[in-house]
2 protein chains.
Amino acid sequence: MEQRRADTIAEALEERIFDGTYSDGDRLDEVRLAEQFGVSRTPFREALQRLARSGLVELVPRRGAFVRQPGPVELIEMFEAMAEIEAVCGRLAAMRISDEALAALQDANVKCEAAVGCQNPDGYYTENERFHRIIYEQSGNSYLTTEANELHRRLKPFRRQQLRLRGRMAQSMAEHKAILDALEAGDPVAAAETLRGHVAIQGEKFHSLMATLKRVTEV
Amino acid sequence: MEQRRADTIAEALEERIFDGTYSDGDRLDEVRLAEQFGVSRTPFREALQRLARSGLVELVPRRGAFVRQPGPVELIEMFEAMAEIEAVCGRLAAMRISDEALAALQDANVKCEAAVGCQNPDGYYTENERFHRIIYEQSGNSYLTTEANELHRRLKPFRRQQLRLRGRMAQSMAEHKAILDALEAGDPVAAAETLRGHVAIQGEKFHSLMATLKRVTEV
DNA sequence: GTCAAGATTTTTGTATACATGACGGGCATT
DNA sequence: AATGCCCGTCATGTATACAAAAATCTTGAC
């Protein structure tokens with residue numbers, strides 16, 4: 001699959017939005033940025049439109065493109081949607097998961113535990129992501145899988161913060177175990193419930209999220 | 001909100017794809033169609049990219065834009081996803097729905113029943129859509145609402161066929177009643193279950209869907 | 001008659017030029 | 001001094017021109 005220039009530009013812009021180079025409300029000047037990327041306005045505008053579709057920028061007619069970071073309400077809604085969609089994937093996966101996938105989940109979990117032991121948040125994060133993506137995949141529904149992956153990607157920057165919470169990794173491991181048990185038992189209801197609880201933002205996680213939000217938006 | 005030309009073109013193309021003017025695999029010639037719409041290639045390409053993001057068109061680099069109708073597998077997956085997302089919306093709505101929304105749902109249902117009495121499928125269809133959109137809205141989650149509306153829109157052409165099934169409208173009414181009861185009772189589980197069952201493609205509905213699919217793709 | 005390689009043509013991707021609508025500053029009026 | 005209007009400047013939206021890649025056609029050899 002050949003890569004258009006607009007694709008690479010979109011990725012670069014996305015990266016800059018995620019890492020905070022551009023923050024909420026910033027206008028993305030077409031001529032200046034196109035020049036900076038070494039392309040003309042045409043492919044750059046293509047990239048902007050793609051980002052607009054993912055919701056990262058807002059395209060106001062005749063006024064330009066503006067960075068659109070999710071606010072507190074939007075973020076909470078996205079986390080809730082993530083929890084519900086993961087629950088759905090888990091429900092379906094409980095009825096459809098393959099033995100290979102179950103083994104892969106177990107493998108991811110083992111490596112997660114190892115990462116916890118080594119105080120290695122990055123390793124934990126990588127394997128945790130694999131764990132979840134396997135469940136999306138095993139829903140056996142590519143539409144849901146795509147949606148789940150997309151939401152997962154957008155929440156990535158905020159999710160990462162959650163792991164910093166004291167004792168969060170250990171608790172998360174216990175929840176993974178419960179999820180795995182439900183999937184092995186082929187219990188759709190239990191799989192859905194445990195996954196929803198695992199992903200949902202509640203209690204201390206909520207305050208933590210709000211705190212990081214403040215830090216991001218106030219800079 | 002000002003409308004770009006690319007927007008109107010995208011809508012027109014979408015319409016033509018839905019109504020079968022263009023069918024699966026057709027190439028959308030940039031110069032010919034842009035001329036036909038009376039615009040240059042630039043806004044027309046914008047429209048193509050938008051359609052590509054909705055999944056109606058596939059943009060193959062260096063080869064062009066091709067109409068991408070969902071195949072049987074994809075359609076079944078989309079209907080399943082719709083059923084699951086509606087179930088989620090129902091679950092949340094059962095906990096959050098307002099009295100006004102409940103009244104609106106009842107109103108939609110009454111008008112549905114009237115339409116059934118008058119043998120008026122169009123009227124039924126309109127009110128049925130309103131019924132479902134209210135439930136999406138009352139999930140209290142705008143992300144889910146957007147996703148649900150989008151899926152609903154894409155499945156519209158296929159859903160319409162389902163209503164032609166003998167006795168389908170009457171059965172559907174009974175299901176609406178059960179959904180309404182669950183929402184009134186504030187029972188999340190019942191709301192989710194009844195909605196999932198209502199939307200899911202199963203039994204005769206499945207064969208009917210396959211039949212319409214054949215008719216569409218073989219023309 | 002078939003297949004292959006080169007030339008031609010068509011078409012996509014990108015750059016640039018042009019036109020129209022938006023924002024801001026300055027001036028006049030109250 | 002404040003407000004409203006007008007004009008200049010600039011950015012966006014669109015058209016057109018150019019370049020590169022793919023598809024097609026032609027021609028020649030086996």
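The values are calculated or read from the model by the stated rules, or taken from the named source; none is laboratory data. Being a predicted model, the structure only gives us computed values, none of them experimental. Please note: Cβ atoms are built from the backbone with ideal geometry, for glycine as well, and neighbour counts cover all protein chains shown. These accessible areas exclude ligands, DNA and RNA; they are computed on the full protein's heavy atoms, side chains included. Shrake-Rupley method; radii C 1.70, N 1.55, O 1.52, S 1.80 Å.
Extending each Cα 7 Å along its Cβ direction at B:R53 and A:R41, get the distance between those two points in nm, one decimal.
1.9 nm
Determine ³J(HN,Hα), in whole Hz, for all residues of region A:22-37 in sequence, where each value follows from phi through the Karplus function 6.51 cos²θ - 1.76 cosθ + 1.60 and θ = phi - 60°; x replaces Gly and Pro.
In residue order, the calculated couplings are 10, 10, 3, x, 4, 8, 9, 5, 4, 5, 5, 6, 4, 4, 4, 7 Hz.
Calculate, for A:C118 and B:R5, the FRET efficiency according to 1/(1 + (r/R0)^6) with r their C-beta to C-beta distance and R0 51 Å; round to the nearest 0.05.
Between A:C118 and B:R5 the formula returns 0.35.
Relative to the longest principal axis of the C-alpha atoms of chain B, give the angle of the C-alpha long axis of helix B:168-185, reported between 0 and 90° and rounded to the nearest 10°.
60 degrees
Grab the residue from chain A whose Cβ hugs the A-to-B rotation axis most tightly, plus its distance in whole angstrom.
A:R53, 2
Of all beta bridges DSSP finds with both residues in the protein assembly as shown, what is the antiparallel percent, to the nearest 5?
Details: 11 of 11 bridges.
If we restrict to bridges inside the protein assembly as shown, about 100 percent are antiparallel.
Counting only protein heavy atoms and a 1.4 Å probe, tell me what percentage of the protein assembly as shown's accessible area is made up of carbon and sulfur.
Values: 10950 of 21580 Å².
Ligands and nucleic acids excluded, carbon and sulfur reach 51 percent.
Which of the trypsin sites (Lys or Arg not before Pro) found in region B:95-166 are in a DSSP loop and have at most 13 neighbouring Cβ atoms, other than their own, within 10 Å? Write out the running numbers ahead of the final one.
Values: sites: B:R96, B:K111, B:R130, B:R133, B:R153, B:R154, B:R159, B:R160, B:R164, B:R166; in loops: B:R164, B:R166.
In loop regions of region B:95-166 (DSSP not H, G, I, E or B), the sparsely surrounded trypsin sites (Lys or Arg not before Pro) are B:R164, B:R166.
Report, for B:P157, each distance to the same residue's label point in the other copies, shortest first and in nm; define the point 7 Å along Cα→Cβ.
3.8
Quick check: the angle from helix A:41-54's long axis to the longest principal axis of chain A, C-alpha only, nearest 10 degrees?
The angle comes out at about 30 degrees.
In region A:34-49, which residues give up 30 Å² or more of accessible area once the other protein chains are added, compared with their chain alone (1.4 Å probe)?
Correct list: A:E46, A:Q49.
Find every distance from the label point of B:G38 to the corresponding label point in the other copies (7 Å from Cα along Cα→Cβ) and write them in nm, one decimal, shortest first.
4.3
I'd like the FRET efficiency for B:S23 and A:A101, computed as 1/(1 + (r/R0)^6) with the beta carbon distance as r and R0 of 41 Å, rounded to 0.05. Can you show the working numbers first?
Numbers: r = 36 Å, r/R0 = 0.88.
According to the calculation, E is roughly 0.70.
Show me you know the interface measure: the accessible area buried between A and B, both chains summed, probe 1.4 Å, in Å² to the nearest 100. Write down the numbers at each step before the final one.
Numbers: alone 12240 and 12140 Å², together 21580 Å².
For A against B, buried area totals roughly 2800 Å².
Any idea what the dipole of the protein assembly as shown comes to, in debye rounded to 20, about its Cα centre with Lys/Arg Cβ at +1 and Asp/Glu Cβ at -1?
Dipole of the protein assembly as shown, to the nearest 20 debye: 1040 debye.
So what's the projected area for region A:1-104, the Cα convex hull averaged over all directions, in nm²? Walk me through the numbers on the way to the answer.
Working: hull surface 38.7 nm².
Mean orientational projected area (region A:1-104, Cα hull): 9.7 nm².
How much accessible area per residue does region A:11-91 have, counting only protein heavy atoms and a probe of 1.4 Å, in square angstrom?
Result: 47 Å² per residue.
Compute the acute angle (0 to 90°) between the alpha-carbon long axis of helix B:188-199 and the principal axis of greatest extent of the alpha-carbon atoms of chain B; round to the nearest 10°.
That works out to roughly 50 degrees.
Under a crude label model (7 Å from the Cα following the beta-carbon direction), how far is B:L165 from A:S142 in nanometres?
The two pseudo-label positions are separated by 2.5 nm.
Mind checking the full-extension length gain between A:T126 and A:E74? Use 0.36 nm per residue of separation minus the Cα-Cα distance, one decimal, nm.
Stretched out fully, the A:T126 to A:E74 stretch lengthens by 16.2 nm.
Taking the Cα centroid of region A:9-79 and of region A:111-128, what is the distance between the two, rounded to the nearest whole Å?
For region A:9-79 versus region A:111-128, the Cα centre distance is 32 Å.
In square nanometres, what is the average projected area of the Cα convex hull of the protein assembly as shown?
If I average the Cα hull's projected area over directions, I get 23.6 nm².
Once you charge only the Cβ atoms, +1 for Lys and Arg and -1 for Asp and Glu, what is the size of the charge dipole of chain A about its Cα centre, to the nearest 20 debye?
760 debye
State, to one decimal in nm and shortest first, how far the label point of A:E184 sits from each corresponding label point in the other identical copies (label point: 7 angstrom along Cα-to-Cβ).
Ordered by increasing distance: 4.6 nm.
How many Cβ atoms of partner chains, on average, are near each residue of A:76-88 if near means within 10 Å of its Cβ?
Details: counts 2, 8, 4, 1, 7, 11, 1, 1, 11, 7, 0, 3, 8.
Mean shielding by partner chains, rounded to a whole number: 5.
Could you state the per residue volume, in Å³, of the convex hull enclosing the Cα atoms of region A:46-196? It would help to have the intermediate numbers written out before the result.
Numbers: hull volume 18.4 nm³, N = 151.
Dividing the Cα hull volume of region A:46-196 by its residue count gives 122 Å³.
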